[in-house]
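Everything below concerns the one structure shown next.
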Amino acid sequence: MKTILVIDDEEAIADMVCVFLESEGYQTAQARNGRQGLDYLSTLHPDAVICDVMMPILDGRELCKKMQASS
């Protein structure tokens, strides 16, 4: 089963996205900010990431830069 990491500081939005993805057969995990998302990436190894741009601690753009730098 494919796993998708959903990173969003708005819990209701992240929950809604996860419910939809799970109804389509995906396994999901959630992170509340970019820093937590990076931590999950090192252990979870998801097949895809869906992330918000405007988040506290580490925004979506910086998260993408860090993801690219580590690959």
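Note on the stretch 43-71: residues that are open to solvent by less than 80 Å² (accessible area, probe 1.4 Å) and either outside any loop (DSSP other than H, G, I, E, B) or more than 25 Å from residue 25 (Cα to Cα) (or both) total 15. Listed by first and then second residue, the pairs with beta-carbon distance under 9 Å, at least 6 apart or on different chains, first residue in the stretch 35-57 and free of Cβ contacts under 8 Å to residues at least 24 places away in the same chain, second among the aliphatic types (A, V, I, L, M) and surrounded by 15 or more Cβ atoms within 10 Å (Cβ to Cβ), are 35/58; 35/63; 39/31.
Go through the stretch 16-35 and give me each residue that's open to solvent by less than 60 Å² (accessible area, probe 1.4 Å) and assigned to a helix (DSSP H, G or I).
Here is the first cut: in the stretch 16-35, the ones open to solvent by less than 60 Å² (accessible area, probe 1.4 Å) are 17-18, 21, 25, 28-31, 33-34.
Those that are open to solvent by less than 60 Å² (accessible area, probe 1.4 Å) and assigned to a helix (DSSP H, G or I): 17, 18, 21, 34.
Against the definition (open to solvent by 60 Å² or more (accessible area, probe 1.4 Å), touching a strand residue (DSSP E or B) at 6+ places or on another chain (Cβ under 8 Å) and at pLDDT below 95), how does residue 40 come out, yes or no? Yes: the conditions hold for residue 40. Within the bounds of the stretch 6-26, is there any residue that is over 9 Å from the mean Cα position of the chain (by Cα) and at pLDDT below 95? Scanning the stretch 6-26 turns up no residue that is over 9 Å from the mean Cα position of the chain (by Cα) and at pLDDT below 95. Going by the conditions given, is residue 43 polar (S, T, N, Q), farther than 17 Å from residue 65 by Cα and touching a helix residue (DSSP H, G or I) at 6+ places or on another chain (Cβ under 6 Å)? No, not satisfied.
The values are calculated or read from the model by the stated rules, or taken from the named source; none is laboratory data. From a predicted model like this one, the values you see are computed outputs, not experimental measurements. Positions of Cβ are backbone-derived with ideal geometry, glycine not excepted, and every protein chain shown enters the neighbour counts. These area figures cover heavy atoms from the full protein model, side chains too; ligands, DNA and RNA do not enter into them. Shrake-Rupley method; radii C 1.70, N 1.55, O 1.52, S 1.80 Å.
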